[in-house]
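Since the structure comes first, as structure tokens, the remarks are kept for the end.
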Amino acid sequence: MARGDLTDAQWAALEPLLPRGIKAGRPPLHTKRQLINGIRFRTRTGIPWRDLPERYGPWETVYGLFRRWQRDGTWHRILEQLQARADTKGLITWDISVDSTIVRAHQQAAGARKRGTCRSSRPAASSPSPTTTVSDVRAVD
């Protein structure tokens with residue numbers, strides 16, 4: 001087991017959440033644990049798939065499992081189930097914090113002048129409405 005690979009306790013918690021293969025035929029050459037460790041290694045280090053160490057199996061096989069589970073939503077289901085377990089044990093604090101220094105407005109929302117749509121020298125298209133006074137309101141009654 002390499003540094004950063006799943007421990008036995010982590011694998012025991014993760015294994016029941018994985019989809020069961022019901023495909024008949026030749027048994028797989030590489031275990032799911034080995035392939036998942038390869039996926040974790042790649043996402044942790046950021047290396048290209050082709051540079052994946054051989055101990056995790058062929059990069060095509062590791063990538064194929066990653067993409068297949070990404071497309072069918074397996075990773076999302078696993079995450080939801082792990083979060084639900086952790087939440088029932090009280091291990092997750094659901095606090096939200098928004099730092100306003102990272103929220104940016106688009107440049108057009110900052111009051112930048114728009115070309116062609118704002119001409120101050122052009123007269124208004126309609127004249128202002130006449131002013132209503134108190135005596136005008138009494139005349140209507």
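Only the coordinates and a few stated rules stand behind these numbers; no lab work does. Computed from a predicted model, the values in this text were never measured in an experiment. Using ideal geometry, Cβ is built from the backbone for each residue, glycine included, and neighbour counts are taken over all protein chains shown.
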By Cβ neighbour count within 10 Å, fewest first, TRP59, TRP94 rank TRP94, TRP59
Given that compact globular proteins tend to follow 2.2 N^0.38 Å, what is the ratio of the alpha-carbon Rg of region 1-57 to that value?
-> 1.22
Have a look at region 29-88 and give its Rg and Dmax from the Cα atoms, expressed in angstrom.
-> 12.7, 39
Order of HIS106, HIS30, HIS76 - criterion: other Cβ atoms within 10 Å of each residue's Cβ, fewest first | HIS106, HIS76, HIS30
Ranked from fewest to most other Cβ atoms within 10 Å of their own Cβ, THR45, THR61, THR93 fall in the order THR93, THR45, THR61
